[in-house]
1. Return yes or no: is Ala182 assigned by TED's automatic domain parsing to the domain that holds Gly250 and in contact with a Leu (Cβ under 7 Å, 6 or more places away or on another chain)?
2. Determine if region 343-350 includes at least one residue that is small (Gly, Ala, Ser) and surrounded by 11 or more Cβ atoms within 10 Å (Cβ to Cβ).
3. Given the options Arg118, Arg94, name the one that is in contact with a Pro (Cβ under 8 Å, 6 or more places away or on another chain), within 24 Å of Leu159 (Cα to Cα) and either touching a residue at least 24 places away in the same chain (Cβ under 8 Å) or buried (at least 24 other Cβ atoms within 10 Å of the Cβ) (or both).
4. Scan region 268-281 and give yes if some residue there is β-branched (Val, Ile, Thr), part of a loop (DSSP other than H, G, I, E, B) and more than 29 Å from Gln33 (Cα to Cα), otherwise no.
5. Got a sec? Which of Val223, Val181, Val211 is surrounded by fewer than 15 Cβ atoms within 10 Å (Cβ to Cβ), closer than 30 Å to Asp252 by Cβ and among the aliphatic types (A, V, I, L, M)?
6. For region 71-107, give me each residue that is β-branched (Val, Ile, Thr) and within 22 Å of Glu334 (Cβ to Cβ).
7. Looking only at region 166-193, which residues are at pLDDT 95 or above and not aliphatic (A, V, I, L, M)?
8. Can you find a residue in region 97-108 that is surrounded by fewer than 18 Cβ atoms within 10 Å (Cβ to Cβ) and modelled with pLDDT of 95 or more?
Amino acid sequence: MTSTPQAVRRASPRKRRPATPAAPHPSAALLPQAEPVRLLNPDGSPLPARADYPEPPLAALREMYRRMVVGRRFDAQATALTKQGRLAVYPSSRGQEACQVGGVLALHDDDWVFPTYRESVALTARGIDPVEVLTLLRGDWHCGYDPAARYTAPQCTPLATQCVHAAGLAYGESYQGRDTVALVYIGDGATSEGDFHEGVNFAAVFKAPVVYFVQNNRYAISVPLSRQTAAPSLAYKGVGYGVPSEQVDGNDPVAVLAVLSRAVAHARAGKGPFLVEAHTYRMEPHTNADDATRYRDADEVEAWRDRDPITRLESYLRTRDMLDDAAVAEIAEEAEAYAARLRDRMNAQPTVDPLSLFEHVYAQPTPQLAEQRELLRAELAAAQEGDA
């Protein structure tokens with residue numbers, strides 16, 4: 001009967017093989033951990049050790065503490081100089097010292113740093129003369145230090161443009177067989193700019209050894225993070241470009257240095273770029289021209305004051321016998337002396353040559369530029385003759 005085979009099939013269904021577990025999606029390896037990496041509690045007590053992020057050497061952490069203390073004192077002095085009219089503007093990074101110094105310590109001396117306008121503390125931690133760091137902010141010159149000699153790009157005022165510069169330099173270094181790493185400091189607001197996406201995409205495609213270090217301090221001037229992204233965190237932006245990412249407690253100095261050291265090692269090994277998001281907070285206004293009370297309240301600021309990165313690291317190093325009262329006082333005295341020298345030097349009026357306006361505009365000055373320079377030179381000469 002023609003219906004028999006169908007009946008048999010219904011009565012004796014074929015056994016299904018056990019389902020094979022699906023392989024993890026390739027993007028899973030790129031995702032940051034769900035919670036920021038943290039190795040210290042806010043009070044400085046250690047959390048359980050982690051195999052993926054081993055604790056940096058204690059000597060490195062003590063040096064990190066020293067540079068953070070000196071950096072904060074520099075930051076306070078620069079803020080005071082602004083109020084005295086010695087600086088045109090100053091963007092404070094108070095509260096972000098773990099990020100500022102951690103980024104520098106994770107690098108070799110001949111690796112490159114690409115800073116924003118807020119990275120003055122990072123630059124002083126890198127050993128750059130503080131007066132040269134403040135030259136831009138005083139309005140004397142576009143950049144006070146020699147970028148090639150210091151392996152440090154000029155401080156970048158336009159948001160995110162250094163993301164592209166870093167990708168190009170890192171790719172060029174890799175192309176020439178060098179193991180140079182470029183670390184880019186950017187803020188949360190910069191991740192909303194096109195240059196950020198272009199730089200990360202280029203670096204990913206060409207495996208340029210770049211670490212994109214996002215200091216998420218919650219505000220792009222006055223725009224809160226909630227108005228910039230719907231992603232779980234900014235670290236998740238890396239997956240769209242094939243870039244591994246991580247997020248870290250930016251006020252935990254131990255965790256910051258551990259995460260950045262791993263990111264730098266990843267880039268140096270030829271594996272391409274790495275994106276790190278540090279969750280931190282800007283304690284001061286955006287600049288001296290900003291009124292932060294218009295977009296955040298005092299309770300929010302006070303809550304972050306309790307997570308101070310310097311106090312956190314000091315407490316931990318004391319428990320490890322790497323700091324005591326005498327050592328803390330000695331470092332504080334060093335910071336005061338550093339600020340005093342800066343204050344004295346900044347009180348001297350800089351000598352500015354008006355003709356320097358025409359330098360470094362083009363490799364070969366155009367006829368129009370040469371003509372303008374000659375007109376200014378003649379006006380200055382005439383003014384001097386008139387004064388005589």
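The values are calculated or read from the model by the stated rules, or taken from the named source; none is laboratory data. Keep in mind the model is a prediction, meaning the values are calculated, not measured. With ideal geometry, Cβ positions are generated from the backbone for all residues, glycine too; neighbour counts draw on all protein chains shown.
1. yes
2. Among the residues of region 343-350, not one is small (Gly, Ala, Ser) and surrounded by 11 or more Cβ atoms within 10 Å (Cβ to Cβ), which makes the answer no.
3. Just one listed residue meets the conditions, Arg118.
4. No: zero hits.
5. That would be Val223, the only listed residue that is surrounded by fewer than 15 Cβ atoms within 10 Å (Cβ to Cβ), closer than 30 Å to Asp252 by Cβ and among the aliphatic types (A, V, I, L, M).
6. Thr79, Val101, Val104
7. Across region 166-193, the qualifying residues are Gly168, Tyr171, Gly172, Glu173, Ser174, Tyr175, Gln176, Gly177, Arg178, Asp179, Thr180, Tyr185.
8. yes
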